[in-house]
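Participant: Before I ask anything, let me first share the structure, which is written out below as C-alpha cells.
The values are calculated or read from the model by the stated rules, or taken from the named source; none is laboratory data. If you're wondering where the values come from, they're calculated on a predicted model, not measured in any experiment. Cβ: placed from backbone, ideal geometry, glycine included. Neighbour counts: every protein chain shown.
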C-alpha cells in the first residue's frame with residue numbers, strides 16, 4: 001500500500017484524533033537543542049504541529065515523493081540509501097515508515113549508521129493486532145498487494161533495535177479516544193492490544209572493545225634485605241664472656 005494513503009487518512013476523523021496524540025507525544029519527546037541536527041524520514045505534512053521549523057534551523061525531512069510542511073527543509077532520497085555521513089545526526093524520527101517499506105532491516109541499518117553515538121531515535125508505528133487498522137488496510141489495498149499488511153509489532157522492532165546496539169528508553173500507545181491526548185496516558189497504555197499505534201524511543205549506544213595484551217611469563221624477583229646485627233642481651237653476653 002502506498003504511503004500517500006496514510007497522508008490522506010490523517011485528514012479523517014479518527015486520523016485527526018491520532019494525529020493530535022502523536023503530535024503531542026513528539027513535542028514532548030524532541031529534546032535536542034536548536035543547534036543540533038534533527039532528521040525526520042517520511043514526510044507527514046503537519047510537522048508544524050510538533051516542531052517549530054523557524055526555531056529549529058537544522059530540522060530536515062527526507063522523503064522520495066511526499067511533501068512536508070512548507071517551512072521545513074525537504075530532502076529527496078530513498079530510505080535504504082540515505083545521502084548523509086555516518087554519525088552526523090543527533091536525533092531521528094521515523095513516523096509510520098517501516099510499515100510501508102519492504103526493506104525494513106536496511107532502513108534501520110541506515111538509521112544506525114547516520115545517528116551519532118548517544119543519539120535519540122523515535123519510531124511511530126501501527127499496531128498489527130488492531131482490527132480497525134487491518135480493516136483500513138483492506139479497504140485501501142491496491143491491486144496485487146498482499147492481503148495481510150506489512151505491520152510490525154512494537155516488541156519485534158525493539159528486538160531489532162537491540163541487535164543494532166540501541167537501548168529502548170520508553171514506549172507508548174495511542175488510541176482513538178479524543179479525551180486522552182497526554183503523553184503520560186500514552187505511556188501507560190504501551191502494552192494494550194486495543195491501541196491503534198505505538199511509539200518507541202531509543203538511544204544509540206556504542207561499545208568499545210578493550211584489547212587484551214598477552215600476559216608475559218611472570219618471574220618473581222626476591223629483594224634481599226641486608227642482615228642487621230642484633231645486639232646481645234645481658235644473658236647472652238654473660239654466656240659468651
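Participant: Residues being under 21 Å from residue 89 (Cα atoms) and either in contact (Cβ under 8 Å) with a residue 40 or more places away in the chain or touching a helix residue (DSSP H, G or I) at 6+ places or on another chain (Cβ under 6 Å) (or both): count how many of those fall in region 34-49.
Facilitator: 8
Participant: Same structure, new question: Collect the residues in region 4-21 that are in contact (Cβ under 8 Å) with a residue 12 or more places away in the chain and under 16 Å from residue 68 (Cα atoms), keeping them in residue-number order. Give the steps one after another, and end with the answer.
Facilitator: From region 4-21, those in contact (Cβ under 8 Å) with a residue 12 or more places away in the chain are 4-7, 9-10, 14, 17-21; that's our starting set.
Across region 4-21, the qualifying residues are 4, 5, 6, 7, 9, 10, 19.
Participant: Select from region 21-32 the residues that are part of a helix (DSSP H, G or I) and either surrounded by 15 or more Cβ atoms within 10 Å (Cβ to Cβ) or in contact with a helix residue (DSSP H, G or I) (Cβ under 6 Å, 6 or more places away or on another chain) (or both) and list them in ascending order.
Facilitator: So in region 21-32, the residues part of a helix (DSSP H, G or I) come out as 21-29.
21, 22, 23, 24, 25, 26, 28, 29, listed by residue number.
Participant: Right, here's the next one. Check region 193-200 and report whether any residue there is loosely packed, with under 13 Cβ neighbours inside 10 Å, modelled with pLDDT under 95, farther than 19 Å from residue 30 by Cα and more than 12 Å from the chain's Cα centre (by Cα). So that I can check it myself, show each step before the final result.
Facilitator: As a first pass, look at region 193-200 and keep what is loosely packed, with under 13 Cβ neighbours inside 10 Å: 193.
Then drop every residue that is not modelled with pLDDT under 95, which leaves 193.
Next, only the ones that are farther than 19 Å from residue 30 by Cα stay: 193.
Retained after the next criterion (residues that are more than 12 Å from the chain's Cα centre (by Cα)): 193.
There is at least one residue in region 193-200 that is loosely packed, with under 13 Cβ neighbours inside 10 Å, modelled with pLDDT under 95, farther than 19 Å from residue 30 by Cα and more than 12 Å from the chain's Cα centre (by Cα).
Participant: Would region 122-132 turn up any residue that is within 10 Å of residue 202 (Cβ to Cβ) and in contact with a helix residue (DSSP H, G or I) (Cβ under 9 Å, 6 or more places away or on another chain)? Spell out how you get there, then give the answer.
Facilitator: From region 122-132, those within 10 Å of residue 202 (Cβ to Cβ) are 122-123; that's our starting set.
Checking which are in contact with a helix residue (DSSP H, G or I) (Cβ under 9 Å, 6 or more places away or on another chain) leaves us with 122-123.
Yes: one or more hits.
Participant: Among the residues of region 52-71, which ones are touching a helix residue (DSSP H, G or I) at 6+ places or on another chain (Cβ under 8 Å) and either surrounded by fewer than 20 Cβ atoms within 10 Å (Cβ to Cβ) or in contact (Cβ under 8 Å) with a residue 40 or more places away in the chain (or both)?
Facilitator: 53, 65, 66, 69, 71
Participant: Also, quick follow-up: Can we say residue 152 is touching a helix residue (DSSP H, G or I) at 6+ places or on another chain (Cβ under 8 Å) and assigned to a helix (DSSP H, G or I)? Can you show your working first?
Facilitator: On the way: touching a helix residue (DSSP H, G or I) at 6+ places or on another chain (Cβ under 8 Å): yes; assigned to a helix (DSSP H, G or I): no.
So residue 152 fails the test.
Participant: Then there is this: State which residue pairs qualify: first residue free of Cβ contacts under 8 Å to residues at least 24 places away in the same chain and at negative phi and inside region 80-97, second residue loosely packed, with under 14 Cβ neighbours inside 10 Å and assigned to a loop (DSSP other than H, G, I, E, B) in any location, beta carbons under 8 Å apart, and separation of 6 or more residues or different chains.
Facilitator: 83/77
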